[in-house]
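Asks: Before I ask anything, let me first share the structure, which is written out below as structure tokens.
The values are calculated or read from the model by the stated rules, or taken from the named source; none is laboratory data. The model shown is predicted, which means the values in this text are computed figures rather than measured ones. Ideal geometry is used to build each Cβ from the backbone, glycine not excepted, and the neighbour counts take in all protein chains shown. Just so you know, the surface numbers come from the protein's heavy atoms only, side chains and all, with ligands and any DNA or RNA stripped out. Shrake-Rupley method; radii C 1.70, N 1.55, O 1.52, S 1.80 Å.
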Amino acid sequence: MAGPLRRRLPPLPLLLLAAAGLRAAERSAGSSSAMEELATEKEAEESHRQDSVSLLTFILLLTLTILTIWLFKHRRVRFLHETGLAMIYGLIVGVILRYGTPSTSGHDKPFSCSQEDRPFTTLLVNVSGKFFEYTLKGEISPGKIHNVEQNDMLRKVTFDPEVFFNILLPPIIFHAGYSLKKRHFFRNLGSILAYAFLGTAVSCFIIGNLMYGVVKLMKLVGQLSDKFYYTDCLLFGAIISATDPVTVLAIFNELHADVDLYALLFGESVLNDAVAIVLSSSIVAYQPTGENTHAFDAAAFFKSVGVFLGIFSGSFMMGAVTGVVTALVTKFTKLHCFPLLETALFFLMSWSTFLLAEACGFTGVVAVLFCGITQAHYTYNNLSVESRSRTKQLFEVLHFLAENFIFSYMGLALFTFQKHIFSPVFIIGAFVAIFLGRAAHIYPLSFLLNLGRRHKISWSFQHMMMFSGLRGAMAFALAIRDTATYSHQMMFSTTLLIVFFTVWIVGGGTTPMLSWLNIRVGVDPDQDPPPTNDSFQVLQGDGQDSARRNRTKQESAWLFRLWYSFDHNYLKPILTHSGPPLTTTLPSWCGLIARCLTSPQVYDNQEQLREEDSDFILNDGDLTVTYGDTTITANGSSGPHTATTNLDSRRTKSSSEEALERDLGAADHEVTSRGTRLVFPLEYNA
């Protein structure tokens with residue numbers, strides 16, 4: 001009988017060899033993993049180095065631009081503005097990066113995901129048991145699948161469009177509102193609103209319709225290789241209608257050109273940017289029902305109009321409310337004792353307005369613009385002297401750097417952007433459409449506005465405004481924000497060329513154009529045209545400054561004059577340390593609330609300093625009326641001959657005049673006529 005079965009064990013040498021093999025495999029796997037980690041660390045270090053080089057490139061560009069600006073100012077060179085210089089330096093660096101740096105990456109490999117019907121924002125890819133995260137960069141046409149950018153450095157200097165909107169645009173737009181010269185702006189407010197709102201809409205639709213004809217022509221001659229809808233043409237009209245005459249305005253400022261012309265151009269450009277961005281959002285929101293999503297639909301059209309009004313009004317309210325909140329915080333706290341904290345809070349509240357509006361579905365450009373205007377009107381009065389200087393200088397520097405950065409990037413983008421589509425027919429058609437759209441914008445509106453203006457917009461002003469329709473940072477930012485489709489890529493490339501042309505050619509021709517049109521230069525910003533003898537004018541106090549203030553009051557838009565009375569009597573005392581005490585303007589039964597809301601500084605300072613924007617208020621005791629050589633004042637100055645009498649006057653008065661008369665009461669007035677003075681009390685009968 002056989003003995004029990006025994007398992008045969010392998011010989012000892014084989015066991016030792018197997019163990020050694022396992023240890024070798026583990027060491028090999030460990031060394032491979034270590035090598036992979038080392039390679040990953042090297043790639044991260046290289047990426048960090050390239051990020052530093054790309055940022056250093058832009059800093060050097062700005063440094064070189066600043067030094068060249070100083071040289072140009074020193075030599076009084078005006079044929080090229082600082083923004084044009086920044087674009088030239090950007091072009092030079094773009095050429096170097098495009099043709100002077102080798103390709104450093106060749107690891108792109110297409111994968112097919114035929115089962116998916118839409119792209120994913122983030123992909124997790126399993127590579128040998130390790131998961132890697134990839135983010136969506138954008139669509140690539142099949143013809144360019146093998147021409148993806150292989151230069152890591154060029155990829156690094158190509159910024160996300162959101163960088164322009166969330167970081168670079170806010171200080172530019174806020175500075176425009178915060179540095180607004182209210183006197184000349186509000187004197188021309190009606191004309192500015194007409195140019196900014198109605199004019200921009202007219203320009204948008206004229207350019208859009210003309211470009212649709214150009215697109216149809218391109219389709220006939222076979223130069224259109226993909227879809228280009230009517231809504232795309234309207235979107236291009238909205239984008240390119242955003243004017244940015246920064247070059248012209250800078251030259252105007254240096255030469256002290258006519259202040260009314262400066263106010264019209266500056267005011268139009270400030271509000272025009274806001275209107276253009278909301279208009280573009282409304283066009284994008286245009287979605288007709290049915291199979292043809294690009295046909296005209298009345299319901300979709302009115303929905304877009306509602307979107308425009310809703311976005312603009314909501315953004316306006318958000319910006320104004322943020323400014324009011326900041327004013328209240330700075331008024332009812334002791335932050336003025338800590339200027340650093342005060343400046344930091346002011347900065348953060350102002351910048352957060354943009355992001356808050358974007359997060360709520362509104363437009364940050366509109367919100368931050370009106371936040372800047374509100375901050376300048378209310379919060380600025382509550383700041384300490386040190387914080388006033390800091391905030392002005394801070395946003396001025398940020399505006400300068402951000403604007404020149406954008407223009408430098410424009411020059412760079414001409415060579416680093418990978419989706420350019422240049423069509424000669426589209427480009428030429430765009431230039432013609434812009435010229436015609438600007439002409440239809442300026443001349444008919446000026447004719448209509450002159451029907452109601454005291455100081456007419458002269459033909460020379462109209463020609464200069466027509467010439468000054470430059471395109472700049474806003475048009476570029478709007479165009480680069482969406483370059484996913486064929487039509488948007490062509491629009492971006494064309495916009496870039498238009499910005500180059502207008503900044504270099506139009507900006508360089510500003511000084512000769514001023515001379516050719518005989519527009520006044522070397523004008524004191526506070527100087528007004530001399531009064532005529534055959535006009536009835538209301539002047540204030542004594543001297544040229546007083547005359548200037550009351551001319552401004554008369555010439556300001558009537559809507560603003562009505563608003564300003566309410567603002568001066570109620571809002572200013574509530575939100576700032578200035579204005580009359582609320583105990584004198586509110587009804588007696590509101591006494592408790594009035595005392596709580598009125599700042600103690602108002603009571604301590606009964607004789608308040610005249611504010612910069614008090615030019616629009618008719619104040620107590622300084623009314624002067626002139627007609628020809630006769631002057632009637634209300635300041636009690638003395639003269640050689642005196643007589644006393646009583647007057648009963650009945651005439652129709654505006655609300656502001658009635659309020660003024662209530663304040664004046666039975667004050668002593670004097671009539672001065674060619675050196676003869678008559679003093680008498682005036683009794684007003686209701």
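Asks: Can you tell me which residue is modelled with the highest pLDDT among those in segment 484-499 that are surrounded by fewer than 19 Cβ atoms within 10 Å (Cβ to Cβ) and assigned to a helix (DSSP H, G or I)?
Replies: Leu497
Asks: Right, another one. I need the full set of residues from segment 331-373 which are under 16 Å from Val278 (Cα atoms) and open to solvent by less than 20 Å² (accessible area, probe 1.4 Å), in order please.
Replies: Phe354, Ala357, Thr363, Gly364, Val365, Val366, Ala367, Val368, Leu369
Asks: Please work out which one of (1) open to solvent by 40 Å² or more (accessible area, probe 1.4 Å); (2) modelled with pLDDT of 70 or more is the condition Phe536 fails and give its number.
Replies: (2)
Asks: Also, I was wondering about something else. Go through segment 160-200 and give me each residue that's under 30 Å from Gly100 (Cα atoms) and either buried (at least 19 other Cβ atoms within 10 Å of the Cβ) or within 12 Å of the chain's Cα centre (by Cα) (or both).
Replies: The answer is Phe164, Leu168.
Asks: Identify, from the list Phe131, Phe79, the residue that is at pLDDT 70 or above, under 30 Å from Leu497 (Cβ atoms) and not in a helix (DSSP H, G or I). Don't jump to the end; show me each part of the working.
Replies: Working: Phe131 fails: under 30 Å from Leu497 (Cβ atoms).
Residue meeting the stated conditions: Phe79.
Asks: For residues in segment 458-479 being surrounded by fewer than 22 Cβ atoms within 10 Å (Cβ to Cβ) and either in contact (Cβ under 8 Å) with a residue 40 or more places away in the chain or among the aliphatic types (A, V, I, L, M) (or both), which is nearest to Leu234 (Cα to Cα)?
Replies: Met466
Asks: Same structure, new question: Just to be sure before I move on: is Phe405 assigned to a loop (DSSP other than H, G, I, E, B), under 26 Å from Arg98 (Cβ atoms) and in contact (Cβ under 8 Å) with a residue 60 or more places away in the chain in the structure I sent?
Replies: Details: assigned to a loop (DSSP other than H, G, I, E, B): no; under 26 Å from Arg98 (Cβ atoms): yes; in contact (Cβ under 8 Å) with a residue 60 or more places away in the chain: yes.
In short, no.
Asks: Kindly evaluate Val305 against the criterion of being under 25 Å from the mean Cα position of the chain (by Cα), more than 18 Å from Ala238 (Cβ to Cβ), open to solvent by 50 Å² or more (accessible area, probe 1.4 Å) and not polar (S, T, N, Q).
Replies: So Val305 fails the test.
Asks: Would you kindly identify the helices (runs of 4 or more DSSP H) lying entirely within segment 191-263 that contain at least 1 residues that are free of Cβ contacts under 8 Å to residues at least 60 places away in the same chain and not hydrophobic (A, V, I, L, M, F, W, C)?
Replies: In segment 191-263, the matching helices (runs of 4 or more DSSP H) lie at 200-220, 246-255.
Asks: So, in segment 76-95, how many residues would count as being more than 14 Å from Leu60 (Cα to Cα), more than 27 Å from the chain's Cα centre (by Cα) and of a type in the set (A, V, I, L, M, F, W, C)?
Replies: 2
Asks: Of the numbered conditions (1) at pLDDT below 90; (2) open to solvent by 10 Å² or more (accessible area, probe 1.4 Å); (3) farther than 19 Å from Ala475 by Cα, Val221 fails exactly one; give the number of that condition.
Replies: (1) is the only condition that Val221 fails.
Asks: Out of (1) open to solvent by 50 Å² or more (accessible area, probe 1.4 Å); (2) of a type outside the set (D, E, K, R); (3) over 29 Å from His577 (Cα atoms), what's the single condition that is false for Gly310?
Replies: Condition (1) is where Gly310 drops out.
Asks: May I ask you to list the residues in segment 313-330 that are open to solvent by less than 50 Å² (accessible area, probe 1.4 Å) and hydroxyl-bearing (Ser, Thr, Tyr)? Reasoning before the result, please.
Replies: Looking only at segment 313-330, we keep the residues that are open to solvent by less than 50 Å² (accessible area, probe 1.4 Å), and these are 314-315, 318-320, 322-324, 326-327, 330.
Within segment 313-330, Ser315, Thr322, Thr326, Thr330 meet the criteria.
Asks: In addition: Since Pro424 meets every condition but one in (1) surrounded by fewer than 17 Cβ atoms within 10 Å (Cβ to Cβ); (2) in contact (Cβ under 8 Å) with a residue 24 or more places away in the chain; (3) not hydrophobic (A, V, I, L, M, F, W, C), which condition does it not meet?
Replies: Unmet condition: (2).
Asks: Let me ask another. Quick one: is Leu449 among the hydrophobic types (A, V, I, L, M, F, W, C), open to solvent by 10 Å² or more (accessible area, probe 1.4 Å), at pLDDT 90 or above and over 20 Å from Val259 (Cβ atoms)?
Replies: no
Asks: On to the next question. Glu403: closer than 22 Å to Phe164 by Cβ and surrounded by fewer than 18 Cβ atoms within 10 Å (Cβ to Cβ), yes or no?
Replies: no
Asks: On to the next question. Does Val385 qualify as being open to solvent by 20 Å² or more (accessible area, probe 1.4 Å) and not basic (Lys, Arg)?
Replies: yes
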